[in-house]
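Participant: One structure coming up, written as structure tokens, with questions to follow.
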Amino acid sequence: MVKHQPLQVYERQLCLSCITGIYGCRWKRYQRSHDDTTKWELLWSFILLFTFFLLLVWFYFWWEAHNDYNEFNWFLYNRSGEWSDGTVPILATTAAGFTYIAFLIVLAFCHIALGQQLNLHWLHKIGVTAALLTTIVGVISVNQTWGQEWDVIPISLQATGPFLHIGALAAITALSWIVAGQVARTEKMVVVLLYVGVLLALYVVPLYITSPCIMDPSTLKPRPDVIGHQGAPMLAPENTLWSFQRALQMNVTGLETDVAISLDGVPFLMHDRTLRRTTDVEKVFPDRQLDETSHFNWTDLQQLNAGQWFLKYDPFWTVHSLSPHEKDLIANQSVCSLEQLLKLASYHNTTVVFRLRRPPPEHPRYNSWINDTLHAVQQSGVPQSLHDMWLAQVRQLAPGLIQTSVEKRSPQSLLEYGISRLLLRYNRASTQEIRNFSGSNINLTLYTVNEPWLYSVLWCSGVSSVSSEAPHILKKVPYPIWLMRPDEYCLMWVSADLISFAVVIGIFIFQNYHMIRYRASGMRSYNPEQIMLSAAVSRSNRDINVMKEKLIFSEVRNGVGSAEELCEDNDYDYYTNRGISQ
């Protein structure tokens, strides 16, 4: 009986083994293939690519939504009743998923560049499916609960669009090396047409990129005023006296707050409908923690602590930056009355913008709440107090006060009602509308603006003022982050396109020239092992290392060593096909 064992010896390729092993768990050389990828695996490649782009948009959305994280957490609080930073798990899972999918995309491109068959391992397929489904669920959830936040994408593109275009152009240009190599090997013109279509689309994308920051710097309007929204809530508990004092230290031009009315007719500052989030009502009045804020009298409200929650929950991750003295001040803050705020504003000659919130119908001050509020305003001596609703009643009782509308109307309609100020969320006014209001002498204030990029875009648009939770951050923005003349942007755009075009043409010419020379040498199918084998055969002292295939004859009855033993002695990688004949 003779045992035939064909033995195949390979040069070790650590890089290729790692790429095929991590992507498809094909660690052994004979598992690799230069054949075309199957249709099933092509489908998974498209799913992987789609997941990557979906996660890219999802990641970009949450990156730019940083301006409104506090708003998102407040939405979650209203639904769950418990305060927590819901952005942390979302950001962590998004970053992990995006990194994982991007890593698989890089490995897939490496397979294509090396001419290897794409064969995604089933564990990765489960991971890609989980990432895709999780992202889709997240998109649907945000669309249902926080749909207005999607507007941050087109607004942010006004600040990032020109630079994202350059980055995308650089990435697509770099891919030309892989595309040219693939075309040179397979001569599939469909790949070229698809690639050229994407490239041409990127070349003309700047025609559709608009940004108010692409303008003549000489037409830039003065720096928008910054109004402290609930004071400086990133540095101190919102709607407390210390929060407003911190905002005034940041040179704000005004203060904005929400006003409720107590059971005994004292206007006080509170944003929520209950006292649970921003006070220790659960400790002081455990049976009344879910009661409406206006169902407490002023004596009860003065017993509550309005600062300890800030140190406990650290809603803006800023407590670590506070000094021990500031922490002591925060820990002893109480509910602030409107009178206290107005006296502080009067001392600093600062404007106050406040929203009036009517108490429930069963409240004893249901019919007199406006009178109570205006009485506190008139007693304060504040130069200007701004109101945003109940305009007719306010106009009759205090015609000297400047009134602000929160309802979006045309400039002509606002002027007819004697309204010279408009307060809107930043996504509710386009650049053209901002300029129209500015030209009509309407003082437009947009809220809530915390990020320098958003402040810069609105500044270039010509907005009069912004309401911010981060006046200490906007204070450090003395000029828009970037400002570019139209001719400068056109030069940058055309130059980038020309450079990209020249690089792509050069790569295609080089790859085709290389392939023509390679085919002329008579080696029509590239196989790294064959090249290494040919180079090794010419050296007699390395015969044992360059065997491509060797037939080992062994007499089983005589005890001759097997092929496995021979290869173990010489430290070779091999595979065997065993046959037995008599």
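The values are calculated or read from the model by the stated rules, or taken from the named source; none is laboratory data. Just so we're clear, the structure is a prediction, and the values are computed from it rather than from any experiment. Just the protein is used for accessible areas: all its heavy atoms, side chains included, with ligands, DNA and RNA removed. Shrake-Rupley method; radii C 1.70, N 1.55, O 1.52, S 1.80 Å.
Participant: No solvent, one uniform scatterer per C-alpha: report log10 I(q)/I(0) for segment 225-475 via the Debye equation at q = 0.12, 0.18 1/Å, two decimals.
Facilitator: Calculated log10 I(q)/I(0) at the listed q: -0.71, -1.44.
Participant: Pulled fully out, how much extra length does the chain show between ALA201 and GLU362, if you take 0.36 nm times their separation in residues and subtract their Cα-Cα distance?
Facilitator: On the way: separation 161, 0.36 × 161 = 57.96 nm, distance 6.24 nm.
Taking ALA201 through GLU362 to full extension adds about 51.7 nm, to one decimal.
Participant: A further question follows. How are the alpha carbon pair distances in segment 285-351 distributed across 10 Å bins from zero to the largest one, expressed in percent?
Facilitator: Histogramming segment 285-351 at 10 Å steps yields 17, 35, 39, 9, 0 percent.
Participant: Next question, about the same structure. As a test question: what accessible area, to the nearest 10 Å², does GLU41 have when a 1.4 Å probe is rolled over all protein chains in place?
Facilitator: The accessible area of GLU41 comes to roughly 20 Å².
Participant: How many percent of DSSP beta bridges within segment 225-475 run antiparallel, rounded to 5?
Facilitator: Working: 5 of 31 bridges.
About 15 percent, rounded to the nearest 5.
Participant: With the other protein chains left in place, how much accessible area per residue, in square angstrom, belongs to segment 225-475 at a 1.4 angstrom probe? Spell out each step's value before the answer.
Facilitator: Working: 10220 Å² over 251 residues.
Counting only protein heavy atoms, the per-residue value for segment 225-475 is 41 Å².
Participant: OK, next. Over 28 Å between Cα atoms, which of LYS343/LYS475; LYS283/LYS475; LYS327/LYS476 qualify?
Facilitator: Those over the limit are LYS283/LYS475.
Participant: Leaving out ligands, DNA and RNA, and with a 1.4 Å probe, what % of the accessible surface on segment 225-475 is carbon or sulfur? Please report the intermediate quantities before stating the final value.
Facilitator: Values: 4860 of 10220 Å².
That fraction is 48 percent.
Participant: Then there is this: Write down the accessible area per residue of segment 1-155 in Å², having rolled a 1.4 Å probe over the full set of protein chains. Before the final figure, lay out the partial values.
Facilitator: Details: 8010 Å² over 155 residues.
That works out to 52 Å² per residue.
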